Amino acid sequence: MWNAVCLRVISGYSASLFLFHAADAACARGVYNNKICSGHGSCNPRNLCECDARHFGFDCSQKRCPLGPAWVAPARATDDAHYPVECSNKGVCDYEEGACTCDEGFVGSACQRLECPHACDGAGQCLSLKELSATYAVGSEPLYDSVWDAEMIYGCKCRKGYHAYDCSLRSCPRGDDPLTTGQKNEVQIVQCTATGGSFFLFFSGQGAQVPFDTTLSQFQSILATIPNFPRVKVSFGGTAKTVCSSATANAILIEFIYDFGPQPPIKVMGSLKGVAYLTGGSVFAASAGGILAGRTSVQGTKEWEF
C-alpha cells in the first residue's frame with residue numbers, strides 16, 4: 001500500500017508528488033513500552049493515535065487520574081460548583097501511573113475525602129457526614145445525604161469512654177451530683193401487640209431485631225448487644241410474659257439507671273425498607289413524657305457530669 005503526499009515547492013510554481021510506503025508512516029510508539037499508541041489506542045488514517053478514555057498524549061502513554069468533586073473551584077453558574085476535576089483539586093496526578101498524590105489531610109483515589117486524624121486512634125469509627133447524620137434520623141431518611149460534601153467530610157465517632165477530635169483522650173467517669181435531690185431517671189416505653197414476626201429497635205443509630213415472643217431476660221440481653229446502649233432496668237407494665245402480646249398491648253418500661261439526664265429516644269419499626277416483619281399487630285415507642293398503654297414516659301433530670 002502506498003500513500004501520496006503533495007508538497008508545494010516554495011520557490012516555484014510547480015508541485016511535486018512524493019510516494020512512500022505506509023509502513024514508513026506508522027503512529028507513534030509508546031515511550032514506555034515501544035508499542036503502537038502504547039497499546040492504549042488505535043492508529044487512524046492520518047497516522048495519529050486515538051487514545052482510549054483513560055489515556056492521552058501523542059502516543060497515548062499518559063494515564064488520566066480519577067475525577068472527584070472539586071474541593072475548591074470557581075462556580076460555573078448559580079448552584080453549579082464542585083464539578084468533577086482531576087484529584088478533586090487536592091492532589092497532583094502522576095500521569096505515568098494515573099494515580100493521585102494527595103495533599104496532606106486528603107485521601108481516596110481522587111483525594112475526594114478528608115482523612116480522619118490518626119485513624120481515630122483505634123478508639124472510634126471514621127464516618128462521613130452522611131453516615132453520622134443518619135445516626136440521628138433512625139427510621140427516616142438521613143438528614144445529610146444529598147449535599148455535595150455528604151460523603152467527602154469525614155470525622156471520628158468515638159467509642160464510649162473516649163473523646164476528642166481523634167478519640168485519643170479517655171473520658172473521666174460521669175455521674176449524678178449527690179448534693180441535688182428530687183431528680184428522676186429517664187424512662188422510655190415500648191408498646192407491642194403482635195401474633196408473630198419481629199420488630200427492630202434502634203438507639204443512637206445502632207439496632208437489633210427483637211422476636212415477638214422474646215422474654216424479659218432475653219430482651220435485656222438483646223439490648224446489651226446494641227453498641228453504646230447504656231445500662232438499663234427493664235420491666236413489663238402488665239401481666240404479659242413476652243415483649244409482644246396478642247391480646248392487649250404490652251408496655252415495656254426501660255429505665256436508664258447509669259447514664260443520667262435526657263437520653264436519645266428509642267426508635268422501633270415493625271417493617272424495614274418496605275418489608276413487614278411484625279405480623280398481627282404494631283409497635284410504638286414513647287419518651288420525654290409520651291404516653292403508651294396508660295404509662296407515661298419520663299425524661300431524665302439527673303445530672304450527667306464529669
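The values are calculated or read from the model by the stated rules, or taken from the named source; none is laboratory data. Treat the numbers as computed from the prediction; the structure is a model and nothing was measured. Heads up, the Cβs are rebuilt from the backbone with ideal geometry, glycines too, and the neighbour counts pull from every protein chain shown.
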How about the range 224-259: which of its residues are at pLDDT below 95 and charged (D, E, K, R)?
-> Arg231, Lys241, Asp259
Taking Ile252 as meeting all but one of (1) surrounded by 17 or more Cβ atoms within 10 Å (Cβ to Cβ); (2) over 18 Å from Ala286 (Cα atoms), write down the number of the exception.
-> (2)
